[in-house]
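**Q** I'd like to ask some things about the structure below.
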Amino acid sequence: MKLPITDIVSLQDKLELLNAQRLGISIQSDMYFNHPCRDFSSTDEAIRIRESIDDADSGKDKTIELTYKGPKLSSGTKTRVETSIELKRMHNASLLLLQLGFKHVQTVKKTRTSYNLNGITLTIDQIDGLGAFVEVEKIVESHEDIPRVEKQLNKLLDKLGLDPSTTIRVSYLEMLLELS
C-alpha cells in the first residue's frame, strides 16, 4: 500500500515510538522497459532493472536486480506476483533487453529509508520529480492471505495517523509518465 506524505520527520518519530527497526537508506535507480509484443501499460505488468546502493550513508552494498511484476491481484492494493533475479552489471542487463526488442520507457530515481515492524516492511520514498511517499507491504504465502494482511496493513496505517483511503494504486513510473 502506498500513500503520499508531507511530514517525513513526524512519520519517522511515530515509527520510532512503535519500536520499528530502521533497516537503512538506499539510493535506487529503476530502469523500466516495455515489451516488444505487448504494451505493459495496458496489461498492468512491468519489467525493471534496479540498481540499489544500500546503506547509502557509507556507499556500500551495490546490488542490481531484474524484476518482472505481474498484473495487480487485489482491487484495494498493489498486490502482485513479482519474480526477481540478481545481476552483476546494469549496463549488460539493459543492453540485453534492448537487443531483445524491449524499449526503455523511463528511469525512476529515489532515496528509500526502510523499516521493519513486526514482519511488515515500511519504506519512506523520496522520488525525484514526485515528492515523498510511504509504502507498507508484507509478503504473503498464498492468495488466501491477502485479505487478512490488507486488514493488518490498514490497522498499522491507522496507528501511524495515515488515512488508508488515500492509498495510491499507480506506480511511481505511471505518476512520472503522467507528468510528462
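The values are calculated or read from the model by the stated rules, or taken from the named source; none is laboratory data. Predicted model, so just to flag it, every value in this text is computed and none were measured. Methodologically, a virtual Cβ is constructed for each residue, glycine included, from the backbone with ideal geometry; neighbour enumeration extends over all protein chains shown.
**Q** Going by what's in this entry, would residue 88 be described as out of contact with any Leu (no Cβ under 7 Å at 6 or more places or on another chain) and within 30 Å of residue 160 (Cα to Cα)?
**A** no
**Q** Within the range 122-135, restricting attention to residues that are in a strand (DSSP E or B) and either at pLDDT below 95 or of a type in the set (D, E, K, R) (or both), which residue is surrounded by the fewest Cβ atoms within 10 Å (Cβ to Cβ)?
**A** Restricting to residues being in a strand (DSSP E or B) and either at pLDDT below 95 or of a type in the set (D, E, K, R) (or both), the top hit is 135.
**Q** Can you tell me which residue among 163, 158, 145 is farther than 14 Å from residue 1 by Cα, out of contact with any Asp or Glu (no Cβ under 9 Å at 6 or more places or on another chain) and either exposed (fewer than 12 other Cβ atoms within 10 Å of the Cβ) or not β-branched (Val, Ile, Thr) (or both)?
**A** Sole residue among the options that is farther than 14 Å from residue 1 by Cα, out of contact with any Asp or Glu (no Cβ under 9 Å at 6 or more places or on another chain) and either exposed (fewer than 12 other Cβ atoms within 10 Å of the Cβ) or not β-branched (Val, Ile, Thr) (or both): 145.
**Q** With the condition kept exactly as written, say whether any residue in the range 98-112 is more than 30 Å from residue 145 (Cα to Cα), in contact with a Ser or Thr (Cβ under 7 Å, 6 or more places away or on another chain), of a type in the set (Val, Ile, Thr) and assigned to a strand (DSSP E or B).
**A** yes
Table: residues versus (1) free of Cβ contacts under 8 Å to residues at least 60 places away in the same chain; (2) touching an Asp or Glu at 6+ places or on another chain (Cβ under 6 Å); (3) surrounded by 15 or more Cβ atoms within 10 Å (Cβ to Cβ).
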| site | (1), (2), (3) |
| --- | --- |
| 47 | yes, no, yes |
| 65 | yes, yes, yes |
| 99 | yes, no, no |
| 150 | no, no, yes |
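**Q** So, in the range 76-96, exactly how many residues are of a type in the set (A, V, I, L, M, F, W, C) and over 30 Å from residue 136 (Cβ atoms)?
**A** Selection size over the range 76-96: 2.
**Q** Which one of 123, 79 is under 21 Å from residue 24 (Cβ atoms) and among the hydroxyl-bearing types (Ser, Thr, Tyr)?
**A** 123
**Q** Assess whether residue 84 counts as being among the polar types (S, T, N, Q), farther than 23 Å from residue 177 by Cα and out of contact with any helix residue (DSSP H, G or I) (no Cβ under 8 Å at 6 or more places or on another chain).
**A** yes
**Q** In the range 136-180, which residues are at pLDDT 90 or above, part of a loop (DSSP other than H, G, I, E, B) and charged (D, E, K, R)?
**A** If the condition is that a residue be at pLDDT 90 or above, part of a loop (DSSP other than H, G, I, E, B) and charged (D, E, K, R), then 138, 163 are the ones that fit.
**Q** Output the residues belonging to the range 126-145 that are more than 18 Å from residue 82 (Cβ to Cβ), over 13 Å from the mean Cα position of the chain (by Cα) and in contact (Cβ under 8 Å) with a residue 24 or more places away in the chain.
**A** If the condition is that a residue be more than 18 Å from residue 82 (Cβ to Cβ), over 13 Å from the mean Cα position of the chain (by Cα) and in contact (Cβ under 8 Å) with a residue 24 or more places away in the chain, then 129, 130, 131 are the ones that fit.
**Q** Right, another one. So residue 82 fits all but one of (1) at pLDDT 95 or above; (2) over 14 Å from residue 112 (Cα atoms); (3) in a strand (DSSP E or B); what number is the exception?
**A** Residue 82 satisfies all of (1) at pLDDT 95 or above; (2) over 14 Å from residue 112 (Cα atoms); (3) in a strand (DSSP E or B) except (1).
**Q** Working carefully through the options 107, 123, find the one that is under 28 Å from residue 160 (Cβ atoms), hydroxyl-bearing (Ser, Thr, Tyr) and within 15 Å of the chain's Cα centre (by Cα).
**A** Selected residue: 123, the only one of 107, 123 that is under 28 Å from residue 160 (Cβ atoms), hydroxyl-bearing (Ser, Thr, Tyr) and within 15 Å of the chain's Cα centre (by Cα).
**Q** With a cut-off of at least 3 residues that are under 15 Å from the mean Cα position of the chain (by Cα) and of a type outside the set (D, E, K, R), name the strands (runs of 3 or more DSSP E) lying wholly within the range 1-67.
**A** Of the strands (runs of 3 or more DSSP E) lying wholly inside the range 1-67, those with at least 3 residues that are under 15 Å from the mean Cα position of the chain (by Cα) and of a type outside the set (D, E, K, R) span 21-34, 46-54.
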